[in-house]
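> Before we start, here is the structure in question, set down as structure tokens.
The values are calculated or read from the model by the stated rules, or taken from the named source; none is laboratory data. Quick caveat: nothing in here was measured; it's all calculated off a predicted structure. Backbone-built Cβ (ideal geometry, glycine too); neighbour counts: all protein chains shown.
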Amino acid sequence: MSQYGNLGLPLIHAGKVRELYALDEPGRLLMVATDNISAYDHVLDTIIPGKGIVLTQLSLWWFEQLADVVANHLISTEVPDEVAGRAMIVESLEMIPIEAVARGYLTGSGWAEYQESGRVCGVSLPPGLHDGSRLETPIFTPARKAELGEHDENISFEAMCAQIGDELGARLRDTTLAIYAHAEQIARDRGIILADTKLEFGLRHDGTLVLGDEVLTPDSSRFWDADEWSRGTVTSFDKQYLRDWLVHDSGWDRSSDAPPPVLPAEIVAKTRERYLAAFRRLTGRELMLG
């Protein structure tokens, strides 16, 4: 159900975090980032106040940083007052049903897969790596997008190409790794490690590959404190803090059919601060949410 039905615009899609509305002008959509947060394929009942503004404003900043690397779907930030700061007007694209993931460090589902097979999405990695290891060369590890509430499926490059074609698959891989390389250096210069990130792309009518959705936010990326990582620990500026609380401290059984619990105020506040810290450290600006 839409959180912004008072906009008076047709809702055409509601995802875990974002809502897309049709505009009168063909080829344009209003994309709104809500304050919802998801974890382990669940949209939690508790919101993180102002989170949608952080995601939108950080994505806008990254679009500027990546302007020479890839085209993006942004048209305008002149949006209705009800969603000011958390929305943008974007191109309507033919979205590619692949999560394009770049990993420069081994963690998360990649670490779990490596422990089982020594590979991640079909990419062989050297033995002896640990959770948090830096990879000698960043790798592209696509995932097949799942329906809302289902888990995206990690797949090999070859499986992705069988689905979308060799030429488009190669473009997706090369563009994803180029974005990661550029962004990783920007983040490193600011004392942040960009461990991994997932991107979404669409196609214009002329076949141009366009970066869509959000980009390099704490929802779609793992950001670590570089100094802490060098000392052998990980301090994250993303939703890993929330994930850790859910699986280690909340009492919730992830393997059950039970939904995640309501978040305590302390967890909400600390998660929110991590998102704001990511914005602050990357952009050098304060984001006032009220």
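> Are any residues in the range 44-54 crowded, with 19+ Cβ neighbours inside 10 Å, under 23 Å from V247 (Cβ atoms) and among the aliphatic types (A, V, I, L, M), and if so, which ones?
L44, I48
> Could you say which residue among H73, H42 is modelled with pLDDT under 95 and either of a type outside the set (S, T, N, Q) or more than 20 Å from L216 (Cβ to Cβ) (or both)?
H42
> Related question: Kindly indicate the residue of the range 145-204 that is among the polar types (S, T, N, Q) and either surrounded by 18 or more Cβ atoms within 10 Å (Cβ to Cβ) or more than 28 Å from W61 (Cα to Cα) (or both) and also nearest to the chain's Cα centre (by Cα) among those meeting that condition.
T197
> Condition test on Y241, is it assigned to a helix (DSSP H, G or I) and at pLDDT 95 or above?
No.
> The conditions are (1) surrounded by fewer than 21 Cβ atoms within 10 Å (Cβ to Cβ); (2) over 22 Å from A178 (Cβ atoms); (3) not hydroxyl-bearing (S, T, Y), and L242 fails exactly one of them. Which is it?
Just one mismatch for L242, condition (1).
> Scan the range 123-136 and tell me whether some residue there is within 30 Å of D257 (Cα to Cα) and exposed (fewer than 14 other Cβ atoms within 10 Å of the Cβ).
Scanning the range 123-136 turns up no residue that is within 30 Å of D257 (Cα to Cα) and exposed (fewer than 14 other Cβ atoms within 10 Å of the Cβ).
Results for (1) at pLDDT below 95; (2) more than 19 Å from R222 (Cα to Cα), shown as yes or no for each residue.
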| residue | (1), (2) |
| --- | --- |
| E150 | yes, yes |
| M160 | no, yes |
| Y180 | no, no |
| E184 | no, no |
| A187 | no, no |
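> Of all residues in the range 6-37, which are crowded, with 18+ Cβ neighbours inside 10 Å, assigned to a loop (DSSP other than H, G, I, E, B) and of a type outside the set (D, E)?
Once the filter is applied, which keeps residues that are crowded, with 18+ Cβ neighbours inside 10 Å, assigned to a loop (DSSP other than H, G, I, E, B) and of a type outside the set (D, E), the range 6-37 yields L9, V17, T34, N36, I37.
> Take D225 and tell me if it is charged (D, E, K, R), under 18 Å from F279 (Cα atoms) and surrounded by fewer than 21 Cβ atoms within 10 Å (Cβ to Cβ).
yes
> Another question, then. Test each condition in (1) at pLDDT 95 or above; (2) surrounded by fewer than 22 Cβ atoms within 10 Å (Cβ to Cβ) for W62 and report the one that comes out false.
So W62 meets the others, but not (2).
> Another question, if that's okay. Output the number of the condition that Q115 fails; it satisfies all remaining conditions of (1) among the polar types (S, T, N, Q); (2) touching a strand residue (DSSP E or B) at 6+ places or on another chain (Cβ under 7 Å); (3) modelled with pLDDT of 95 or more.
Of everything listed in (1) among the polar types (S, T, N, Q); (2) touching a strand residue (DSSP E or B) at 6+ places or on another chain (Cβ under 7 Å); (3) modelled with pLDDT of 95 or more, Q115 misses just condition (2).
> Does L289 satisfy the condition of being modelled with pLDDT of 90 or more and either more than 21 Å from G108 (Cα to Cα) or not aromatic (F, W, Y) (or both)?
So L289 does not fit the description; no.
> Scan T233, T217 and give me the residue that is modelled with pLDDT of 95 or more and either over 30 Å from I75 (Cα atoms) or in a loop (DSSP other than H, G, I, E, B) (or both).
T217
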